[in-house]
Amino acid sequence: MPASLSQTPDSHLLFWRMASALDIPLDETIQKSELTPDRLSRMLVKCAHCPEPQYCALFLAARASHSDTPPSFCPNRSVIARLHALHPAQTQSGHPAD
């Protein structure tokens, strides 16, 4: 049975943690029209109703540093991977990491 928002009240927070783990600047992606507000809303709904939030939390916890790709079970994997490819990881100096 898929998890509902009431069963996993913090599951929507996993979306923001995943974006952060992949160094995806969501505000910038919207400003550049790489992600529409409507698409972001649909992604949040998919994440909130994901049947695997506990595995997502474990995936994120196991990666203290940043990750390169979302887990294979992520319902937003293809969009997140595309956004990640558009925004290579930045170093603290603001230049792409080697």
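The values are calculated or read from the model by the stated rules, or taken from the named source; none is laboratory data. Keep in mind that this is a model prediction, so the values were computed, not measured. For neighbour counting, all protein chains shown are included, and Cβ atoms are generated from backbone atoms with ideal geometry for every residue, glycine included.
General remarks:
- Matching residues in the stretch 9-28 - criterion: being modelled with pLDDT under 90 and farther than 17 Å from Pro70 by Cβ: Pro9, Asp10
Let's see how each residue does on (1) of a type in the set (S, T, N, Q); (2) buried (at least 17 other Cβ atoms within 10 Å of the Cβ); (3) not in a loop (DSSP other than H, G, I, E, B):
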site	(1), (2), (3)
Ser41	yes, no, yes
Tyr55	no, no, yes
Ser72	yes, no, no
Arg82	no, no, yes
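- Of all the listed residues (Ala64, Ala85), the sole one being at pLDDT below 95, over 14 Å from the mean Cα position of the chain (by Cα) and among the aliphatic types (A, V, I, L, M) is Ala64.
- Failed item, numbered, when Lys46 is tested on (1) out of contact with any Leu (no Cβ under 8 Å at 6 or more places or on another chain); (2) under 15 Å from Ala85 (Cα atoms); (3) in contact (Cβ under 8 Å) with a residue 12 or more places away in the chain: (2)
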